[in-house]
Amino acid sequence: MTLRFYDSAAAEVRDFVPLAEGAASLYYCGATVQGEPHIGHLRSALAFDQLTRWLRYRGLRVTVVRNVTDIDDKILAKSAESGEEWWALAYRFEQAFEDAYDALGISKPTYEPRATGHIPEMHALIQQLIERGHAYPAADDSGDVYFDVRSWDKYGSLTHQRLDDMQAAPDLDPEFSGRKRDPRDFALWKGQKEGEPTTAAWSSPWGAGRPGWHLECSAMVGKYLGDSFDIHGGGLDLRFPHHENEMAQSQAAGKGFANFWLHNGMVTYQGEKMSKSVGNTVGPAELLSQAKPLVVRYYLGQANYRSVLDYRPESLTEAGAAVERIESFMVNAAKALGSGGEPAPGSAPLAFEAAMDDDLNVPAALAVLHETVRRGNSAIAALGGSTTAADAADGNPAGGGPADAAEVLRTAHREVFVMTSALGLNPLDPHWKDDGGDPAGRAALESLVAVQLDARQAARAAKDWVASDAIRDALALAGIEIADSADGARWSVKNN
């Protein structure tokens, strides 16, 4: 076994050798919970879920950390616009991300720390950088602390840029940019500004304020994975400045930090960059209204993680056809073999393993999967009228006919089970049993709930709280959970 991954820092594919024998440590950037998740967030989380599953398939004990950025300039701005408390807004959107991850079968990380829960670790890291001569408090009384990019001669090494060619770091208040030694210096600590809520500021040696975005990840990864760890992941759009700054401040503090940097590619809409201003973004609700969660997972994970994934209206239809072939084969194979249970455990085909070992070449791995399905379907056809493998063997034990077909089918059934499990695509997995397998039933449920929510909204508008509560309670008895927000009511089926 030789696992190989493309390391963004080295700009080449390298052999992966874990820092600790038999184990692997992975940190990937989670959500900044300022709004609803979109398809790009889902694609990134799924890419690193595929990585995690494959590392575990290869026998490694994997520790996964995915952070939640729950304090940020954008969160405060959205809070000010809506009137909702910043922490309530952040928590509401955090739950929306969790719901989307869960719907697509994205495994929960070992740890999922929130930035606001790690302020002491951030203070300690800032102090280290100041003592080492790589950070400085602003000369005025703003309370800001900045990383001195010119003090670190390796700055730019992740993205292979010259410092003088880089853009200036953005400031919350551009008029105060003169407080920095260099326009590219970035904030480690942001002093509290006039008008900001007191709940969004923490005391520190440099004054009340909040952490800078880049600092949060470095502090959290250090706590959970130590000074050095195997893999840091995230979307390609995070390479600069976020990951560049993470690496600089962590290494300047004397930490080895990440041994590999993996970045997933972006998602486009019919060849164009997705943008809220253009109105071509796609969210989980839209995706899941068009296809089962298993189909959405297949679509989002079918390309190599580093490539651009293009979304088109027909994308989910094509993915649905692929999933249907796999699911139909597994059901028909179980019937033909006379077994309704899972096949015996085993290994994936060597070609599948080789593809996944080669920088998670999922397209090549899926080609092996579908070829195995085709071979298995041919074996089912060859069995003809035989209903079980035992019957086939009794009819022709010497081989050349049904007995050989039964063995081919048994092998294909086992291999498809193993391959789909490794990719998180096994339609027999209990996770998918309530994934909307009955589209008509799901559509009927959505229609009925929508009518009830409209009636409840009308009652609330009329201040008829008795009627409003009665509708909510009736839905709760039916297993429907309602969550009110500034964007309206959201519903979900309660998990028992």
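Considering only segment 203-238, state which residues are surrounded by fewer than 18 Cβ atoms within 10 Å (Cβ to Cβ) and closer than 12 Å to Cys29 by Cβ.
Residues satisfying the conditions are Leu236, Asp237.
When the residues of segment 1-18 are narrowed to those that are among the aromatic types (Phe, Trp, Tyr) and under 16 Å from Phe229 (Cβ atoms), which ends up nearest to the chain's Cα centre (by Cα)?
The residue in question is Phe5.
Looking at (1) modelled with pLDDT of 95 or more; (2) in contact with a strand residue (DSSP E or B) (Cβ under 9 Å, 6 or more places away or on another chain); (3) closer than 29 Å to Met274 by Cβ, which is the one condition that is false for Asp357?
(3)
Test each condition in (1) modelled with pLDDT under 95; (2) surrounded by 19 or more Cβ atoms within 10 Å (Cβ to Cβ) for Val33 and report the one that comes out false.
Of everything listed in (1) modelled with pLDDT under 95; (2) surrounded by 19 or more Cβ atoms within 10 Å (Cβ to Cβ), Val33 misses just condition (1).
Have a look at Ser142, Ser157 and point out the one that is assigned by TED's automatic domain parsing to the domain that holds Asp237, touching a Lys or Arg at 6+ places or on another chain (Cβ under 9 Å) and assigned to a loop (DSSP other than H, G, I, E, B).
Ser142
For Thr116, work out the one condition from (1) at pLDDT 95 or above; (2) in contact with a Pro (Cβ under 7 Å, 6 or more places away or on another chain) it doesn't fulfil.
Tallying (1) at pLDDT 95 or above; (2) in contact with a Pro (Cβ under 7 Å, 6 or more places away or on another chain), Thr116 fails exactly one: (2).
Yes/no per residue for (1) of a type in the set (Val, Ile, Thr); (2) surrounded by 21 or more Cβ atoms within 10 Å (Cβ to Cβ); (3) at pLDDT 95 or above; (4) assigned to a helix (DSSP H, G or I):
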| residue | (1), (2), (3), (4) |
| --- | --- |
| Val295 | yes, yes, yes, yes |
| Arg306 | no, no, yes, no |
| Pro313 | no, no, no, no |
| Glu318 | no, no, no, yes |
| Ser347 | no, no, no, no |
| Pro363 | no, no, yes, yes |
| Ala367 | no, no, yes, yes |
| Ala382 | no, no, no, yes |
| Ser386 | no, yes, no, no |
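Any idea which of Arg61, Arg92 is over 13 Å from the mean Cα position of the chain (by Cα), basic (Lys, Arg), loosely packed, with under 15 Cβ neighbours inside 10 Å and under 28 Å from Leu294 (Cβ atoms)?
Arg61
Under the condition of being assigned to a strand (DSSP E or B) and basic (Lys, Arg), which residue from segment 188-237 is farthest from Thr69 (Cα to Cα)? Outline the logic, then answer.
Looking only at segment 188-237, we keep the residues that are assigned to a strand (DSSP E or B), and these are 188-191, 202, 209-211, 228-235.
Imposing the further condition that a residue be basic (Lys, Arg) reduces the set to 190, 210.
Values: Lys190: 15, Arg210: 12 Å.
The selected residue is Lys190.
In this structure, is His242 surrounded by fewer than 19 Cβ atoms within 10 Å (Cβ to Cβ) and closer than 14 Å to Val221 by Cβ? Give the derivation first.
Values: surrounded by fewer than 19 Cβ atoms within 10 Å (Cβ to Cβ): yes; closer than 14 Å to Val221 by Cβ: yes.
The answer is yes for His242.
The values are calculated or read from the model by the stated rules, or taken from the named source; none is laboratory data. What you see is a predicted model; the values in this text were computed from it and never measured. A quick note on method: Cβ atoms are made from the backbone with ideal geometry, for glycine too, and the neighbour counts reach across all protein chains shown.
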